[in-house]
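Here is the structure we will look at, set down as structure tokens.
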Amino acid sequence: MKRVYPNKDYCIGCHICELACITAHSKSKDLILAYTVERTGEGLSSCKRVHEGGPTCVALSCRHCDEPACVAACISGALQKDPESGRTTYDREKCVGCWSCLMACPFGAIARHPLENKIVKCDLCFDRPGGPACVAACPNQALKQEER
Amino acid sequence: MLFQPINRNYHDFSIVRDKDACINCKVCIRQCAYEAHYWDESRQKVMHDNAKCVGCHRCEALCPTSALLIQKKQSDFKDNALWKPEFIKYIYKQADTGGVLLTGMGSPVGNIPVYWDKLLLDASQVTNPSIDPLREPMELKTFLGAKPVKLEFTKTKDGSPKLKTKLSPNIELNYPLMFSAMSFGSINFNLHVAMARAATELGICYNTGEGGLHKTLYQYGKNTIVQVASGRFGVHRDFLNAGAGIEIKVGQGAKPGIGGHLPGEKINEMVSVTRMVPLGSDAISPAPHHDIYSIEDLHQLIFALKEASEYRVPVSVKIAAVHNVAAIASGIVRAGADIVAIDGMRGGTGAAPGMIRDNVGIPIELALAQVDQRLRDEGIRNRASIVAAGGIRCSADVVKAIALGADAVYFATAALLAVGCTLCGKCYTGKCPWGIATNDAKLAKRQNPDVAAKKMVNLVHAWGHEIEEMLGGMGLNSIESLRGNRDKLRAVGLSDTEMDILGVKHAGR
Ligand code: SF4
Ligand code: SF4
Ligand code: SF4
Ligand code: SF4
């Protein structure tokens, strides 16, 4: 399947991918409203996190693993492997906020929702016409969606 | 403000932030290499210090909400025809520091004419047909190096002719364009990779500059010209044999008469190994080559390099455009150079004293026309190709340069603009915000070689198309027919002397 791969050599740590992710998952689809109103009011947050260490940065999100540890750990069935698309899907309604997945994910790609007992996880922007928002917004092609 | 030097507020730029659009995302803080933007903890918002801004526009380009505007600071000194603001600021600066004013890229001096802008091209009407490059073949292929005076043939057994004349080695270019010398160190590895890949894809050459060639780039040798300068950085047998040509750098248009200077901060591990200089030490090239004090000495060096490369590649000599450039070029050709590269005063640089950049040398247009004419008059034009450099901005400049007598042009500033450079002129600080003239790991990665190479390739393709259009319009179907064809040029608003030097008639004639 096509996954989003970060390239740490050319990630410049601008965090623009995070802004794109927030906007793509907002109600308004407007960066200014998403970042100021929805983020602070509703806890809207990015599924992608830029990690920095010295001069190196890398933008991490769910890897949509072939054998996802999070799915195995999920106690409520909220996380599933979709056999058709290959995505690791998340059903917010079923999630009980036990954080089992958070601890199981070897990439630290799952985050707690800042306000609710829910998680935040990349959905590969499956319903976005232009594909992953982060990939489209990255100014340095440090994110690529491809088959590897 | 309190506790600051009196001239601190005479800064060049103002940062204007649109309050409605700014979301305090801190992208600008992360992008500014000069720390002009900062997070104000007590106000809980992004603030800025105008005095630190160098006008590179990096933050403006990356602000996701287009909230930023970088403007020239409007407040100014009382009008004065002699004391233009830059001179006043120079004095304040030097009174503070006591040092030479350093600069980088750019050519801010406004009162020396740009002759490209005073030259117009011809087009065919009625009496000779123009050519449509989309329908008919158009040849941009260019060969650099010595050409024979005449060709001799012998007959083979079956009666077909065979070339008897031994041809000199030439560099084959798909376009009359090359990326000019920018040393590894002055610009970083990512851009050397990008230039090497772009030149290879395009079938042109890039020039290593005076800092040697990184081992991993030897694979692009067919599209590389290796440079030998007065500091001899990174010069060894393998290096001399790595490229399609060797260039002796005598001078650089932006700073004729002085050598290169790469500050120690820019010498990291990779640069140190490639240049063969200690880590972190300044790499200073002497002003002259200490083995070239005459044309005879130059002759010796040219042939030493030809010997070292077994006469497989042409040798170029690059000089800055200065007074008497035509006589110097004639000497260079007679000394055995296969290519003469002339770099005009508007050429770029990673670091040069401002006074020298703006006051020493002459414009490339005048130098080029004179060199071409002189070599023709002396009957030695075929012995060397002429490459014009220093201030080529667009494809029309290329066409005009070729009509003035160049075989090809070198361009570098335009290639850097293609990858983001905004000519802020802070190359010498080692903190290039666009990741170009810097070896700081955090900044250098702003240039992804994949992206940069693509942009350089696009630029050359675009220029290529435009050159074909202009050639076709003039009724020419090959770049060869344009070379030194000054009848295709007319001047506007130039004096008789200038037109005489350029060898062109006034428009209307
Ligand atoms: S947008 Fe691209 S360069 Fe910027 S932080 Fe994200 S991955 Fe890195
Ligand atoms: S693919 Fe979409 S959901 Fe996943 S990190 Fe990128 S923007 Fe966010
Ligand atoms: S990048 Fe733009 S929106 Fe973000 S803090 Fe700076 S000015 Fe504001
Ligand atoms: S120096 Fe460049 S990045 Fe910094 S504020 Fe000025 S224009 Fe923006």
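Here, each number is a calculation from the coordinates, and none is a lab measurement. Owing to the predicted nature of the structure, the values given are computational and were not obtained by experimental measurement. Counting neighbours? That spans all protein chains shown, and the Cβs are built from the backbone with ideal geometry, glycine included.
Projecting label points 7 angstrom from Cα along Cα→Cβ for A:LYS2 and B:ASN477 puts them 4.4 nm apart.
Counting only the backbone N, which residues of segment B:11-28 are under 15 Å from the spot 7 Å out from the Cα of A:GLU52 toward its beta-carbon? Only B:25-28 fall inside the zone, counting backbone N under 15 Å. Looking at segment A:37-122, the GluC sites (Glu not before Pro) that sit in a DSSP loop and have at most 10 other Cβ atoms within 10 Å of their own Cβ are A:GLU84, A:GLU93. Please determine, in degrees from 0 to 90 and to the nearest 10, the orientation of helix B:295-308 with respect to the longest principal axis defined by the Cα atoms of chain B, where the helix direction is its Cα long axis. With rounding to tens, the tilt is 80 degrees. Cysteines in chain B that lack a partner Cβ within the 4.7 Å cut-off: B:CYS22, B:CYS25, B:CYS32, B:CYS53, B:CYS63, B:CYS205, B:CYS394, B:CYS421, B:CYS427, B:CYS432. Only residues of segment B:348-381 count here: report those whose backbone N is under 16 Å from the spot 7 Å along Cα→Cβ of B:ASN324, or say none. Only B:361-362, B:371 pass the distance filter.
Dividing the summed helix terms, -39500 (n - 2.57) for each DSSP H run of n ≥ 4, by the number of residues in chain B produces a 222 nm estimate of -8000 deg cm²/dmol to the nearest 500.
Counting Cα-Cα pairs of chain B in 10 Å increments starting at 0 gives whole-percent bin shares of 4, 18, 27, 25, 16, 7, 2, 1, 0, 0.
Modelled this way, with points 7 Å down the Cα-to-C-beta line, the labels at B:ALA61 and A:ARG112 are 4.0 nm from one another. With a Förster radius of 51 Å applied to the C-beta separation of A:ASP91 and B:HIS465, the computed FRET efficiency comes to 0.45.
Note on segment B:175-464: with charges restricted to the Cβ of Lys and Arg (+1) and Asp and Glu (-1), its dipole about the Cα centre is near 660 debye. What is the Cα centroid distance between segment A:24-60 and segment B:76-92, reported in whole angstrom? Answer, in whole Å: 47. Potential lengthening of the chain between B:LYS162 and B:LYS141 amounts to 5.2 nm, from the contour at 0.36 nm per residue minus the alpha-carbon distance. Projecting the Cα positions of B:PRO169, B:GLY405, B:LEU262 onto the charge dipole of chain B (unit charges on Cβ atoms of Lys, Arg, Asp and Glu, taken about the Cα centre) puts B:LEU262 furthest along the positive direction.
Across segment B:19-40, the residues whose backbone nitrogen lies under 15 Å from the label position 7 Å along the beta-carbon direction of B:LYS52 are B:26-40. Among the trypsin sites (Lys or Arg not before Pro) within segment A:45-112, those in coil by DSSP and having at most 13 neighbouring Cβ atoms inside 10 Å are A:ARG92, A:LYS94. Summary of the geometry: segment B:16-53 and segment B:152-190, compared by the centres of their Cα atoms, lie 53 Å apart. Computed from label points 7 Å out along Cα-Cβ, the spacing between B:VAL100 and B:ASN24 is 4.7 nm.
Put simply, when B:152-160, A:134-142 are sorted by average Cβ atoms within 10 angstrom per residue, most first, you get A:134-142, B:152-160.
Of all segments of chain A bounded by chymotrypsin sites (Phe, Trp or Tyr not before Pro) found in a DSSP loop with no more than 14 other C-beta atoms within 10 Å, the longest spans A:1-98.
A Förster radius of 41 Å combined with the Cβ-Cβ distance from A:ASP9 to B:TRP39 puts the calculated FRET efficiency at roughly 0.90. Taking Cα atoms only, the orientation of helix B:85-97 departs from the longest principal axis of chain B by about 70 degrees.
Note on B:ASP377 and B:GLU265: with the Förster distance fixed at 51 Å, the Cβ-Cβ geometry gives a FRET efficiency of about 0.60.
Extension gain A:THR36-A:ALA72, at 0.36 nm per residue separation less the Cα-Cα distance, in nm?
Working: separation 36, 0.36 × 36 = 12.96 nm, distance 3.59 nm.
Full extension from A:THR36 to A:ALA72 adds 9.4 nm.
Straight Cα distances below 21 angstrom link B:LYS306 to the lysines B:LYS147, B:LYS166, B:LYS222, B:LYS249, B:LYS318, with same-chain residues fewer than 8 positions distant left out.
Taking the C-alpha atoms only, the angle from helix B:449-473 to the longest principal axis of chain B is near 50 degrees.
Cut-off is 10 Å between beta-carbons; in what order do B:MET138, B:MET355, B:MET178 appear when sorted fewest neighbours first?
Working: B:MET138 20, B:MET355 12, B:MET178 30.
Lowest to highest Cβ neighbour count: B:MET355, B:MET138, B:MET178.
Using the average count of surrounding beta-carbon atoms within 10 Å as a protection proxy, the listed peptides B:392-398, B:126-132, B:413-419 rank, highest first, as B:413-419, B:392-398, B:126-132.
Where the only charges are on Cβ atoms (+1 Lys, Arg; -1 Asp, Glu), what is the dipole of the protein assembly as shown about its Cα centre, to the nearest 20 debye? Please list the in-between numbers first.
Details: 78 positive and 68 negative charges, 98 e Å.
The dipole of the protein assembly as shown has a size of about 460 debye.
Could you order the peptides B:306-314, B:25-33 from most to least packed, using the average number of other C-beta atoms within 10 Å per residue?
On the way: B:306-314: 16.2, B:25-33: 21.4.
By packing density, highest mean first, the sequence is B:25-33, B:306-314.
Would you tell me the mean number of C-beta atoms belonging to other protein chains that fall within 10 Å of each C-beta in B:173-183, as a whole number?
On the way: counts 0, 0, 0, 0, 0, 0, 0, 0, 0, 0, 0.
Mean shielding by partner chains, rounded to a whole number: 0.
What dipole magnitude, in Debye to the nearest 20, does segment B:6-75 give about its Cα centre under +1 on Lys/Arg Cβ and -1 on Asp/Glu Cβ?
Values: 11 positive and 8 negative charges, 11 e Å.
Rounded to the nearest 20 debye, it is 60 debye.
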